[in-house]
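Reading through the structure tokens given below for one structure.
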Amino acid sequence: MRAVVWHGTRDVGVETVADPRIEEPTDAVIQVTRSGICGSDLHLYDHGSTMAMRDGDILGHEAAGIVVETGSEVPNLERGDRVSVPFNISCGHCFMCRRGLFSQCETTRAMGERKGASLFGYTHMYGGVPGAQAEYLRVPQAHFGPIVLDDAISDEAAMLLADVLPTAWQAVDYADVPIGGTLAVYGLGPVGQMCVRVARHRGIDRVIGLDPYPDRRRAADEHGAVSVDVTAADPVEVIRDATQGRGADGVIDAVGMDAEGSTADRALQATRLRPDRIAALEQALGSVRRGGTVSVIGVYAGWMGRFPVGDLFDRQVTLRWGQANVRRWTADILDALRASPPLDVTGLVTHAPPLDEAPEWYEHFRDKDPGVVKVGLTPR
Ligand SMILES: NC(=O)c1ccc[n+]([C@@H]2O[C@H](COP(=O)([O-])OP(=O)(O)OC[C@H]3O[C@@H](n4cnc5c(N)ncnc54)[C@H](O)[C@@H]3O)[C@@H](O)[C@H]2O)c1
Ligand SMILES: [Zn+2]
Ligand SMILES: [Zn+2]
């Protein structure tokens, strides 16, 4: 089969690799119909070698597809079922899964690495599992993970259900904005855009979006945000001015470790003194009101030397974060997609190029070329 393979910094190829097959009785194999390129893939694209990627690893973790084969212990799936495959691989029955903490699944986590649940296509810290940017995908723990969908759910929505939708849903949930309150969303990539849409759908009236790129701000505004150019003004000041000097009730960091805007950040990352660029996280922490919540959904890999412990203590700030516990939110999201009016996910996937064009679309997405927000690779 054809698959997107990582070789090194900003070096991916589309190559012929071995077809996946059933290895465990709880496996399934799906034929992939859509496979997203995620902001998380960009972290690997830019510095995978420091994040336990190996030459030849297959990328991708956001798959929609059709079941072609199941192991003997997968009674929930049948050949021909349309499915969305959650990006974290969870068993559904361990201590963590029973508590809804599917991204911490104890059955699949690579214990030696002291990390959470295994993830598709996401480094050897997270299990080294072959990824979903491919024609076919082996799905471990298929008795629990895949979500069977009817034809009313589009391929795009099915792909978004694997990551972007539950990630945004969790981010908004964790931000804990009270009725009548204000939510600020740092980063208006696919995840931040979806946070805006989910927040508005869930009744949050006031959503302030923040991003350096005008097309991304415009897209968020079309779905009910009021967006701010982080390069034109101090975003912390703008948010305070808009909230009677207090700050937002909830703030989402949907930027993560490759934040733009600080040269010191870039220098520390380049010299490997600090893996994360923390400019957006610092601004998110500064933008929340006393007693409010910062919900960090952007991915961070290392540590933060100047953690403002005294300030966060004094201001009684709550911090929530982590990988999305995908299955925790599936039922809520399906209800929202079927509600009247529905949670609108149309137009978020801006491009659906063939799988073979993946290398150029990694570049377009990384460079934030105008209008390129979410890419859903289409194998055939
Ligand atoms: N926790 C999870 O489960 C989970 C799941 C999916 C994605 N993610 C993470 O979410 C983050 C966003 O992913 P994405 O797919 O939307 O990709 P993305 O990289 O396109 O989104 C990041 C956005 O942040 C903006 N940005 C950069 N610097 C900024 C700054 N200083 N202030 C405000 N905005 C800034 C960029 O312009 C971009 O629009 C990434 O870190 C990704 O790894 C986490
Ligand atoms: Zn993703
Ligand atoms: Zn588990």
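The values are calculated or read from the model by the stated rules, or taken from the named source; none is laboratory data. Being a predicted model, the structure only gives us computed values, none of them experimental. Every residue, glycine among them, receives a Cβ derived from its backbone with ideal geometry; neighbour counts consider all protein chains shown.
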- [ ] Considering only residues that are under 19 Å from V326 (Cα atoms) and in a helix (DSSP H, G or I), look in the stretch 15-73 and name the one that is nearest to ligand 3 (Cβ to nearest atom).
- [x] S40
- [ ] Would you please list the contacts, defined by Cβ atoms under 8 Å and residues six or more apart or on different chains, that run from a residue in the stretch 102-117 that is closer than 16 Å to H143 by Cβ and more than 16 Å from ligand 1 (Cβ to nearest atom) to a residue that is part of a loop (DSSP other than H, G, I, E, B) and at pLDDT 95 or above?
- [x] T107/S90; T107/C91; T107/H93; T107/C94; T107/Q141
Task: Candidate set: the stretch 82-116, residues that are within 14 Å of ligand 2 (Cβ to nearest atom) and in a loop (DSSP other than H, G, I, E, B); chosen: the one surrounded by the most Cβ atoms within 10 Å (Cβ to Cβ) - done: P86
- [ ] Output the residue which, of all residues in the stretch 21-52 that are of a type in the set (A, V, I, L, M) and under 26 Å from A352 (Cα atoms), is farthest from ligand 1 (Cβ to nearest atom).
- [x] V29
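I'd like the full set of residues that are under 21 Å from G322 (Cβ atoms) and either within 16 Å of ligand 2 (Cβ to nearest atom) or touching a residue at least 24 places away in the same chain (Cβ under 8 Å) (or both), limited to the stretch 260-278.
Applying the first criterion (under 21 Å from G322 (Cβ atoms)) to the stretch 260-278 yields 274-278.
Scanning the stretch 260-278 gives R274, P275, D276, I278.
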Task: Residues satisfying the stated conditions in the stretch 220-260, i.e. part of a helix (DSSP H, G or I) and near ligand 1 (Cβ under 10 Å from one of its atoms) - done: A220, P235
Open item on the list: Can you pull out every residue in the stretch 281-322 that is outside any loop (DSSP other than H, G, I, E, B), away from ligand 2 (no atom under 16 Å from the Cβ) and β-branched (V, I, T)?
Closed with: V288, T293, V294, V309, T318
Open item on the list: Restricting to the stretch 163-191, count the residues that are away from ligand 2 (no atom under 16 Å from the Cβ) and among the charged types (D, E, K, R).
Closed with: 2
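E237 - would you say it is surrounded by fewer than 17 Cβ atoms within 10 Å (Cβ to Cβ), away from ligand 2 (no atom under 16 Å from the Cβ) and within 19 Å of T293 (Cα to Cα)?
Spelling it out, E237 is indeed surrounded by fewer than 17 Cβ atoms within 10 Å (Cβ to Cβ), away from ligand 2 (no atom under 16 Å from the Cβ) and within 19 Å of T293 (Cα to Cα).
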- [ ] Go through (1) under 26 Å from K368 (Cα atoms); (2) among the aliphatic types (A, V, I, L, M); (3) surrounded by 20 or more Cβ atoms within 10 Å (Cβ to Cβ); (4) touching a Lys or Arg at 6+ places or on another chain (Cβ under 7 Å) one by one and return the number of the condition L59 breaks.
- [x] (4)
TODO: Given the conditions (1) surrounded by 15 or more Cβ atoms within 10 Å (Cβ to Cβ); (2) in contact with a strand residue (DSSP E or B) (Cβ under 6 Å, 6 or more places away or on another chain); (3) modelled with pLDDT of 95 or more, report the number of the one that D265 does not fulfil.
DONE: (3)
Open item on the list: For the stretch 5-45, give me each residue that is among the charged types (D, E, K, R), over 17 Å from M125 (Cα atoms) and in contact with a helix residue (DSSP H, G or I) (Cβ under 8 Å, 6 or more places away or on another chain).
Closed with: R10, R34
Open item on the list: Any residue in the stretch 292-304 that is modelled with pLDDT under 95 sitting within a Cβ distance under 8 Å of a residue that is of a type in the set (V, I, T)? List the pairs, counting only those 6 or more apart or interchain.
Closed with: Y300/I278; M304/I278
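Working only within the stretch 323-351, note down all residues that are among the aliphatic types (A, V, I, L, M) and within 16 Å of ligand 2 (Cβ to nearest atom). Walk me through how you get there before you give the answer.
First, the residues of the stretch 323-351 that are among the aliphatic types (A, V, I, L, M): 324, 326, 331, 333-334, 336-337, 339, 343, 345, 348-349.
A324, V326, I333, V345, L348, V349, listed by residue number.
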TODO: Give, as residue ranges, the strands (runs of 3 or more DSSP E) completely inside the stretch 123-213 that count at least 1 residues that are surrounded by 24 or more Cβ atoms within 10 Å (Cβ to Cβ) and within 13 Å of ligand 1 (Cβ to nearest atom).
DONE: 182-186, 206-211
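Among the residues of the stretch 331-380, write down those that are aliphatic (A, V, I, L, M) and outside any helix (DSSP H, G or I).
Keep residues of the stretch 331-380 that are aliphatic (A, V, I, L, M), which gives 331, 333-334, 336-337, 339, 343, 345, 348-349, 352, 355, 358, 372-373, 375, 377.
Hits for the stretch 331-380 are A339, L343, V345, L348, V349, A352, V372, V373, V375, L377.
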